[in-house]
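Colleague: Can you read through this structure? Questions will come right after.
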Amino acid sequence: MHMADALVVPAVAGTMYLASSAAAGVSVHKVKLENDPKKIPVMGVMGAFVFAAQMINFTIPGTGSSGHLCGGLLLTAILGPWAGFLAMIGVLLTQCLFFADGGLLALGCNIWNMAFYGCFVGGLLVWKPIMQTGASKQKILLASVLGSILTLQLGAFSVVLETSLSGITELPFGAFVMAMQPIHLAIGLVEGLITAAVLCFLYDARPELLWGLDRSRAAEGRLTAGKTLGILAALTALTAGVLSLFASGLPDGLEWAMEKTAGTSDLVSAGGAYDAAEKIQNSLSFLPDYAFRGSESPAGTTVSGLVGALIVGGLCLVTALVLKSRKKS
Amino acid sequence: MSHIHIEVKDLSFSYGQDRKILDRISFTAREKDAIGIIGANGAGKSTLLKLLVGLLDGFEGSIRVEEIPVEKRTLQRVREKIGYVFQDADNQLFSVNVYDDVAFGPRNYGLPEEEVDRRVRKALARVHLEGFDEKPVHRLSGGEKKLVSIATILSMTPDILLMDEPSAALDPRNRRNLIRILGEFDHLKILTSHDLDFIWDTCSRVLVLHQGGILYDGDPDTILRDEKTLAMVGLELPLSLTVR
Amino acid sequence: MSRISGAIHEMQTIEESASRDQWVNRLHPLVKFLVTLFYLVCVVSCGRYDLPRVLGLALYPFVLFELTDLPLGQALCRLRLVLPLVCIVGIFNPLLDRRPGAELLGFTLTLGLLSMLTLMAKGILTVLASYLLVATTPVEGLCAAMRMVHIPRMIVVEFLLIWRYLSLFMNEVQKTTEAYRLRAPGQKGIAMKYWGSLMGSMLLRSIDRAGEVYEAMCLRGFTGDFPSGRFPGAGRRDLVYLAGFGAGILFLRLFPVLVLIGSIVAR
């Protein structure tokens, strides 16, 4: 869910840059306060590891598809939220610059949507409180799955919010939310399970490497498998419920969500997309013509513009060909 | 008599509660020595080298490097005199390009940039890698990485060179190249290796580590031909000697 | 080619392009960084139906691709990662907004179609512009530019370390997954039973590696701060580039050049 530059306007990109920079500034300060020079190489090496590890496909049983690791949460579970956040920034920066995964302008958004939620919500608000009272494998599973789901739900929601605020898409906010959140619920669950598998392995092999564990209270940390699943299911349902309520409570999504919830799954499958969209459009016809607000009617200028584009494009092509042939000779 | 550079007295060390990996070992190393430390896997060769540069603490006994006792407050001074080349060059070379990595040490010691530049060029020349300065580290071959990792140490102009398994994973040409470069370093050098042919070609003195102690300390000629002792510590005669 | 070897190859080709000895590569990294950033802002700030203006801004990558001889195909290949989300966001516009926007050769272009095309064009141009930056600037230069705009040194050092160790870990991941696949033919990915142990053991190895990297740093006087070398200031050529390209981009952003040309011809 890396966002491209094209999906944001400068105001949104700038705001998110500010927000992410503030979080980064605090993190740099916190890591400096920890005064552990070893963190510096460990952050870099672990960042590179997470980057590479995210390329491994893990088969999801019972389906033909595969999932990946939730990097922010894994890094936090090893480095703590502050250093984990900085390592994630390094990962996202590398992805954006060298692999065009996410844009340079949208980097602030991407840091927020993935690193911030992964490290601070997943790590600080979920992982830490759960681990504080003593660790166990069940609790690691619980924290990882819950943390991942929450991270991805918030991330996906932010993508929708940022894109909609940028006025890029005609897709009504509610419909967009309904398309994004359920998919990311599933992705979050899978990422959580993979992350849990890795962290449980680590807990068995070298528990001292995990952050935020109070090992003196390990014995208290036991949870039965049934209990874990129960808590997970309840929390997942709660998260999904709250998010969809929030989404449908927003004005332009309200109408759509009430009437068309049944048709949501059509949105993601290509076949029914057209029909679904038609329905959406009909239901939205009462909306004011906000698209025209503030922009001059493009009808007249567009044609001349496109004619101009053809001419200049042709000229460019000729220039390129001439230059090429001259270079060869 | 040449100046004593390293003096180890009654050195004992263990990881955690396990058995002692080194048990009351003592030796001295002099200015021009080329010492090869041999022994089976887990005999404590690498541990000994790491102790000499102060990477492990909690040892018993004493280590003195050029009269300076190795302890927490002297580490900076000790490490200016002693250079340590890791077995895995990738762990030693953490910069993006060769120049920055070789310059890392001198810059950390606050040298002016002109002096840093001079030292980098000199160190690269000593490992015969002139013109490699702009190359990205992760594009170097295994042999080149090993040589650059030596250059990163030489740029700090150490009096003593420690090397952990220097010939591991080198092809014959790079191995020969390394032997030549080691020959050109005329200060004290201590290296560990399973590669007894390499020890034979580079060392003037051999220490055999076995069950926490020093089983042999003397010239290479005697021990490297002693099939029985070598077999006892889990090693075999160097190939070059068996062929003869 | 697998995804990982593809990524390794991509890293390598970009690095090779960036280390070429060309005048664009020799320009001051900060100047290129600023021009790229300015261009990106100009592109994404264009109106949602303003296709002509966005197309006009295509002149910048065109000129640079001509000047640098970089492979356009390779640059377009990089679209594959961000295009899906752009498509999801844009694809519904033609269906949802069918008000007529313009007529061209007897066809009616709806506003929805216009906004989708504009979005696609923006997507392509921004990716091309970022590519032009990284394919002409070595990673050390990018870091120097980041330091000059006061990105904290710690983040820049992380970025450098990630870049340094990335190919190493990608190779390791590739070897491990290949070894797995050879013994588990017909599986698409790693089976659930091995999720933890496969990646966990790689994770432990990399933590050990990180520990040794730290030791290697300490042995060479590292106390928590990374020393940086000198970086030359901007010369006249750099300032000319900054002013020239900056003004050119601004001109294309302010004046719908293509519209002007088109209307002159139509008359």
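Here is a yes/no grid of residues against (1) of a type in the set (Gly, Ala, Ser); (2) within 18 Å of the chain's Cα centre (by Cα); (3) part of a loop (DSSP other than H, G, I, E, B); (4) within 14 Å of chain C (Cβ to nearest Cβ):
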site: B:Glu7; (1), (2), (3), (4): no, yes, no, no
site: B:Lys20; (1), (2), (3), (4): no, no, yes, no
site: B:Phe27; (1), (2), (3), (4): no, yes, no, no
site: B:Asn41; (1), (2), (3), (4): no, yes, yes, no
site: B:Leu48; (1), (2), (3), (4): no, yes, no, no
site: B:Leu55; (1), (2), (3), (4): no, yes, yes, yes
site: B:Gly61; (1), (2), (3), (4): yes, no, no, no
site: B:Arg64; (1), (2), (3), (4): no, yes, no, no
site: B:Glu80; (1), (2), (3), (4): no, yes, no, yes
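Colleague: Failed condition for C:Val89, given (1) surrounded by 14 or more Cβ atoms within 10 Å (Cβ to Cβ); (2) more than 7 Å from every other protein chain (Cβ to nearest Cβ); (3) more than 15 Å from the chain's Cα centre (by Cα), with all others met?
Modeller: Going through the list (1) surrounded by 14 or more Cβ atoms within 10 Å (Cβ to Cβ); (2) more than 7 Å from every other protein chain (Cβ to nearest Cβ); (3) more than 15 Å from the chain's Cα centre (by Cα), C:Val89 breaks only (2).
Conditions (1) modelled with pLDDT under 85; (2) over 30 Å from A:Cys200 (Cβ atoms); (3) under 32 Å from the mean Cα position of the chain (by Cα), marked per residue:
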{"position": "C:Ala191", "(1), (2), (3)": "yes, no, no"}
{"position": "C:Ile207", "(1), (2), (3)": "no, no, yes"}
{"position": "C:Tyr214", "(1), (2), (3)": "no, no, yes"}
{"position": "C:Leu219", "(1), (2), (3)": "no, yes, no"}
{"position": "C:Phe226", "(1), (2), (3)": "yes, yes, yes"}
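Colleague: Residue under question is A:Ile78, and the condition is that it be more than 13 Å from the chain's Cα centre (by Cα) and more than 19 Å from A:Ala6 (Cα to Cα); does it hold?
Modeller: Yes; evaluated as a whole, the condition is true for this residue.
Colleague: A further question on this structure: Are any of the residues in segment C:185-194 of a type in the set (Val, Ile, Thr), within 9 Å of chain A (Cβ to nearest Cβ) and buried (at least 21 other Cβ atoms within 10 Å of the Cβ)?
Modeller: Yes, there is a match, as at least one residue in segment C:185-194 is of a type in the set (Val, Ile, Thr), within 9 Å of chain A (Cβ to nearest Cβ) and buried (at least 21 other Cβ atoms within 10 Å of the Cβ).
Colleague: With the requirement that a residue be assigned to a helix (DSSP H, G or I) and under 21 Å from A:Phe49 (Cα atoms), what does segment A:95-111 give you?
Modeller: Residues satisfying the conditions are A:Gln95, A:Cys96, A:Leu97, A:Phe98, A:Phe99, A:Leu107, A:Asn110, A:Ile111.
Colleague: What about C:Pro29, is it within 26 Å of A:Gly108 (Cβ to Cβ) and either surrounded by fewer than 23 Cβ atoms within 10 Å (Cβ to Cβ) or modelled with pLDDT of 95 or more (or both)?
Modeller: no
Colleague: Now for a separate question. Within segment B:159-176, work out how many residues are out of contact with any helix residue (DSSP H, G or I) (no Cβ under 7 Å at 6 or more places or on another chain), touching a residue at least 40 places away in the same chain (Cβ under 8 Å) and not in a loop (DSSP other than H, G, I, E, B).
Modeller: Counting residues in segment B:159-176 that are out of contact with any helix residue (DSSP H, G or I) (no Cβ under 7 Å at 6 or more places or on another chain), touching a residue at least 40 places away in the same chain (Cβ under 8 Å) and not in a loop (DSSP other than H, G, I, E, B) gives 1.
Colleague: Inside segment A:16-52, can you point out the residues that are in contact (Cβ under 8 Å) with a residue 60 or more places away in the chain and touching a Gly at 6+ places or on another chain (Cβ under 9 Å)?
Modeller: A:Met16, A:Tyr17, A:Leu18, A:Ala19, A:Ser20, A:Ser21
Colleague: Looking at segment B:54-75 only, could you name the residues that are among the hydrophobic types (A, V, I, L, M, F, W, C) and touching a strand residue (DSSP E or B) at 6+ places or on another chain (Cβ under 9 Å)?
Modeller: Once the filter is applied, which keeps residues that are among the hydrophobic types (A, V, I, L, M, F, W, C) and touching a strand residue (DSSP E or B) at 6+ places or on another chain (Cβ under 9 Å), segment B:54-75 yields B:Leu55, B:Leu56, B:Phe59, B:Ile63, B:Val65, B:Val70.
Colleague: Picking from C:Leu95, C:Leu72, which residue would you name as being closer than 30 Å to A:Ala175 by Cβ and either crowded, with 18+ Cβ neighbours inside 10 Å or within 18 Å of the chain's Cα centre (by Cα) (or both)?
Modeller: Sole residue among the options that is closer than 30 Å to A:Ala175 by Cβ and either crowded, with 18+ Cβ neighbours inside 10 Å or within 18 Å of the chain's Cα centre (by Cα) (or both): C:Leu95.
Colleague: Inspect all residues belonging to segment C:49-61 and state whether any of them is facing chain A (nearest Cβ under 7 Å) and either under 23 Å from C:Gln22 (Cα atoms) or basic (Lys, Arg) (or both).
Modeller: no
Colleague: Okay, next question. Quick one: which of C:Thr118, C:Thr177, C:Thr137, C:Thr126 is assigned to a helix (DSSP H, G or I) and over 30 Å from A:Thr169 (Cβ atoms)?
Modeller: One residue alone meets the criteria, C:Thr177.
Colleague: Looking at the structure I just gave you, is C:Gly224 of a type in the set (Gly, Ala, Ser) and either within 27 Å of B:Glu113 (Cβ to Cβ) or in contact with an Asp or Glu (Cβ under 7 Å, 6 or more places away or on another chain) (or both)?
Modeller: yes
Colleague: Taking helices (runs of 4 or more DSSP H) that fall entirely within segment A:2-94, which contain at least 1 residues that are crowded, with 24+ Cβ neighbours inside 10 Å, of a type in the set (A, V, I, L, M) and at pLDDT below 90?
Modeller: The qualifying helices (runs of 4 or more DSSP H) are A:39-53.
Colleague: Filter segment C:104-137 for residues that are over 21 Å from C:Val86 (Cα atoms), buried (at least 21 other Cβ atoms within 10 Å of the Cβ) and more than 7 Å from chain A (Cβ to nearest Cβ) and give the result.
Modeller: Across segment C:104-137, the qualifying residues are C:Leu133, C:Ala135, C:Thr136, C:Thr137.
The values are calculated or read from the model by the stated rules, or taken from the named source; none is laboratory data. The shown structure was predicted, so the numbers you read here are calculated from the model rather than taken from an experiment. With ideal geometry, Cβ positions are generated from the backbone for all residues, glycine too; neighbour counts draw on all protein chains shown.
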